[in-house]
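Please find one structure pasted underneath; my questions will follow.
Coordinate-derived values only; no laboratory data. Please read all numbers here as calculations on a predicted model, not as lab measurements. A quick note on method: Cβ atoms are made from the backbone with ideal geometry, for glycine too, and the neighbour counts reach across all protein chains shown.
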Amino acid sequence: MKLPGDREFAKIVRIKFAFLITFFSIILTLSSYFFINQGHFSYRVNRVLLGLFSGFIFAYSGSMLQSSLRNPLADPYLLGIGGGALLSIYVYYLVAPTPSVLHVPLVASIGGLSALFLTILIAEAVGGSDVAYVLSGIGISSFFSGVAITLYYFILSRAPHTPYIYAMLIGSLVDATKWKVDFLLPLTLALIFLYFLTAKPLNALIIGDEYASQLGFNAKYVRLITAVIAGVSSSIAVSAIGIIGFIGLVSPHIARLLLRTSDNRFVIPLASLTGALVLSLSDIAAKTFLSWSVGEVPAGVIASVFGAPLYVMLILRGYKWR
Amino acid sequence: MEVGNFIEVKGVRVEYRSRGEVIVALNNVSLQVNKSELFCVLGPNGSGKTTLLKAIAGLVKHGGAILIDGVNALRIPKKTIAKVISYSSDVSLPEMLSLTVEEAVLTSRYPISKSFLESSEDFYRAHEVMKMLGVLGLQNRKLSELSAGELKKVLLAMALAKDPKILLLDEPDAHIDIKSKVELSKTLKILKDKVLTIFTTHDVVFAANTATKVLILNNGEGVALGSVKEVLTEEVLSKVYGVKFRVLNNGETIVPIPVY
């Protein structure tokens, strides 16, 4: 069947998408390969996988939250999920008589989801605008992180040898243990599966709740499900590597800019891959750039240093268009 | 699947709860629309026009009964409803997440396309509809960049691309210029035999020259129901809108006008 129309936009998007996915995958594979080949084989493999999976998950959650809440500034970190997850993990370490790493992702999910819904509740109470979400998220995030940092000193005084607990305050891939990879691999696979179920409903949701409803999607249900998916998965990623800011926010926008579309069937995969790439490169940068003077810095620091200016650019762009 | 040949609305009642108070948006409204009729709902602001369309689309809870081809709409599977009924109203889009016109029109095909990505038939229909409504030139623009009038046309394309049997249009003629209004009227008349259409409007002239049947709502209740000639009279319009009306007819166009 011949298609009418001179330039089929949607077709160009598909070609671009295929090209970018391939290109990013090649860069990822190459950088991972060189990184792994520097010694301590199994640790390095775990570290690379940890970076890939967590970056993937943060960016995936970010894209999903942005469409679900119809808010271009949504991000797991900015909406308080990171702070909530971290606080619940620290509470668990303090309260549980025999803490087990296997419980940590579950505990983190409960904390992260509570924080997310608290943020949504407050934001909706003051009108539900983009800015209301960010302000409410910053409030929740600061409060939870603040309490978490206080608890951190209690944990230190009680169990000074709790490994790498400090690294969670700002995300780092230093503590790359196998159990974390074992958690994140099935999660990533589950997210890929869920993408096929949620991408189209999310597209309809971007246009509007009533529009989505008349297409047969229950708007409230879709919003709840996607918020829970994003909340749980990013909480689990936080439980593995700690709080990483801005990757979840910036990656979807990079994908949208490159593809020139907001169609979630293309944005979610490319954004996730971008997230994996950005976090991996941040980790390589964290290990190399400053190693000659101060040693290794957490990858989260690098991600923030580059992510925050991009975030400011996004805000400026958003307001100019209004 | 031959659903959507006629709609019966029997004693429909819709209530909203707002701060403990019950607000009756629709009270005992009844009507019947057959295929190849162009049904118009008129009435002042807050008379319940939009609520009536939403009730038929299954978007609000209602008392009474809405029957599609004699079957209670609540008993028809949601998936079938989504294929058969298009409900189109205004949307507001977040700028940085906005879809393009082409993509938005393609979303309309979601209920009927089985695959994850669009088939060439989906593309074909979407382009055909965009061409018919004169918005093919806008296909690569973002929805959030369109003017209110352009958006109205695109919304109609989004309603039509899934080939619905029942088309519910909330003020399709708002914000569009006079030429576009006349063209819209013509388009609706052409579509009339394929799609059962119910639309609301504030423009009595547009209603008088487009609709085959008119219902006038006031304070959530049906005030008058019948053909254009029966309903759009000086007497009824003056009573409903509280302004004196004259109805001019030069044989070509019926023009109900308020007296200033």
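Kindly express, to the nearest 10 degrees and within the range 0 to 90, the angle between helix A:264-288's C-alpha long axis and the longest C-alpha principal axis of chain A.
30 degrees
Taking beta carbons within 10 Å but only from partner chains, what does the mean come to for residues A:202-212?
For peptide A:202-212, the averaged partner shielding equals 6.
Using the alpha-carbon atoms, what tilt in degrees (0 to 90, nearest 10) does helix B:178-191 show relative to the longest principal axis of chain B?
In chain B, helix B:178-191 runs at an angle near 80 degrees to the longest axis.
Here's something else I'd like to know. Loop only per DSSP, at most 10 neighbouring Cβ atoms within 10 Å: give me the trypsin sites (Lys or Arg not before Pro) in segment B:77-132, ordered by residue number. It would help to have the intermediate numbers written out before the result.
Details: sites: B:Lys78, B:Lys79, B:Lys83, B:Arg109, B:Lys114, B:Arg125, B:Lys131; in loops: B:Arg109, B:Lys114.
In loop regions of segment B:77-132 (DSSP not H, G, I, E or B), the sparsely surrounded trypsin sites (Lys or Arg not before Pro) are B:Lys114.
Please report the base-10 log of the normalised intensity I(q)/I(0) for segment B:6-258, using a Debye sum with one equal scatterer per alpha carbon and no solvent, at each q in 0.09, 0.12 (1/Å).
For segment B:6-258 at q = 0.09, 0.12 Å⁻¹, log10 I(q)/I(0) is -0.41, -0.73.
Also, I was wondering about something else. With +1 on the Cβ of every Lys and Arg and -1 on the Cβ of every Asp and Glu, and nothing else charged, how large is the dipole of the protein assembly as shown about its Cα centre, in debye rounded to the nearest 20? Show your work: numbers first, answer last.
Numbers: 54 positive and 41 negative charges, 105 e Å.
Charge dipole of the protein assembly as shown: 500 debye, to the nearest 20.
Moving on. Among DSSP bridges having both ends in chain B, what percentage is antiparallel? Round to the nearest 5.
65 percent
Using the crude model of +1 on Lys and Arg Cβ and -1 on Asp and Glu Cβ, and no other charge, please compute the dipole size for segment B:6-258 relative to its Cα centre, in debye to 20.
560 debye
With unit charges on the beta carbons (Lys and Arg positive, Asp and Glu negative) and the dipole taken about the Cα centre of the protein assembly as shown, which residue among A:Phe143, B:Ile190, A:Leu191 sits farthest to the positive side?
Comparing the listed Cα positions along the dipole, A:Leu191 ranks first.
Continuing with this model, one more query. Counting other beta carbons within 10 Å of each residue's own, what order do B:Glu37, A:Glu124 fall into, fewest first?
In order of increasing Cβ crowding within 10 Å: A:Glu124, B:Glu37.
Right, next: Lys/Arg Cβ at +1, Asp/Glu Cβ at -1, dipole of segment B:6-258 taken about the Cα centre: which of B:Phe116, B:Leu232, B:Ala104 is farthest positive-ward?
Of B:Phe116, B:Leu232, B:Ala104, it is B:Phe116.
Looking at chain A, what % of the alpha carbon pairs are farther apart than 32 Å?
More than 32 Å apart: 26 percent of the Cα pairs in chain A.
Have a look at A:Gly275, A:Gly62, A:Gly127 and tell me which one the Gaussian network model of chain A (Cα, springs below 10 Å) gives the largest fluctuation.
Of the options given, A:Gly127 has the highest mean-square fluctuation.
A further question follows. Treat the count of other C-beta atoms within 10 Å as a stand-in for reagent exposure and order B:Val105, B:Val205, B:Val24 from fewest to most.
In increasing order of surrounding Cβ atoms, one gets B:Val24, B:Val205, B:Val105.
If packing is taken as the average number of other Cβ atoms within 10 Å across a peptide's residues, how do B:94-102, B:247-255, A:230-238, B:218-226 rank, most packed first?
Numbers: B:94-102: 22.7, B:247-255: 10.9, A:230-238: 30.0, B:218-226: 17.7.
The peptides rank, most packed first, as A:230-238, B:94-102, B:218-226, B:247-255.
Order A:9-20, A:197-208 from most to least packed using the mean count of other Cβ atoms within 10 Å. Write out the running numbers ahead of the final one.
Details: A:9-20: 16.0, A:197-208: 22.3.
Highest to lowest by the protection proxy: A:197-208, A:9-20.
Next question. Just to be sure I understand: with springs between alpha-carbon atoms less than 10 Å apart, which residue in A:Ser304, A:Ser42, A:Ser262 has the highest mean-square fluctuation in the Gaussian network model of chain A?
Of A:Ser304, A:Ser42, A:Ser262, the most mobile in the Gaussian network model is A:Ser42.
If you find the alpha carbon centre of segment B:47-64 and of segment A:262-276, how far apart are they in angstrom?
Value for the Cα centre distance between the two parts: 38 Å.
A follow-up question, please. Shielding by partners for A:214-227, please: the mean number of other protein chain Cβ atoms within 10 Å of each residue's Cβ.
Average per residue, whole number: 3.
Here's a follow-up. Take peptide B:88-94, look around each residue's Cβ out to 10 angstrom, count Cβ atoms belonging to other protein chains, and average those counts. Don't skip to the answer; put the middle values down first.
On the way: counts 3, 4, 2, 6, 3, 5, 11.
Taking all residues of B:88-94 together, the mean is 5.
May I ask what percent, to the nearest 5, of DSSP beta bridges between residues of the protein assembly as shown are antiparallel? Intermediate results must be reported in sequence, preceding the final value.
Values: 29 of 46 bridges.
Among the beta bridges of the protein assembly as shown, antiparallel pairing accounts for roughly 65 percent.
Give the order of A:Phe41, B:Phe123 when sorted by the count of other beta carbons within 10 angstrom, beginning with the fewest.
A:Phe41, B:Phe123
With labels modelled as points extended 7 Å from the Cα through the Cβ direction, what inter-label distance (nm, one decimal) is found for A:Val228 paired with B:Ser92?
3.0 nm
Here is a further query. For all pairs of alpha-carbon atoms in segment B:142-260, what percent lies in each bin of width 10 Å, listed from the first bin to the last filled one?
Per 10 Å bin, starting at zero, the Cα-Cα P(r) for segment B:142-260 comes out as 12, 41, 34, 12, 1 percent.
To the nearest 20 Debye, how big is the dipole of chain A about its Cα centre, given +1 on the beta carbon of each Lys and Arg and -1 on that of each Asp and Glu? Don't skip to the answer; put the middle values down first.
On the way: 21 positive and 12 negative charges, 132 e Å.
Around 640 debye, computed over chain A.
Counting pairs of alpha carbon atoms under 8 Å apart in space and at least six apart in sequence, what relative contact order in percent does chain B give?
That works out to 25 percent.
Set the Förster radius R0 to 30 Å, insert the Cβ-Cβ distance between B:Arg75 and B:Glu230 as r into 1/(1 + (r/R0)^6), and round the FRET efficiency to 0.05.
0.35
Angle between the Cα long axis of helix A:81-95 and the longest principal axis of chain A, 0 to 90 degrees, nearest 10?
Result, in degrees: 30.
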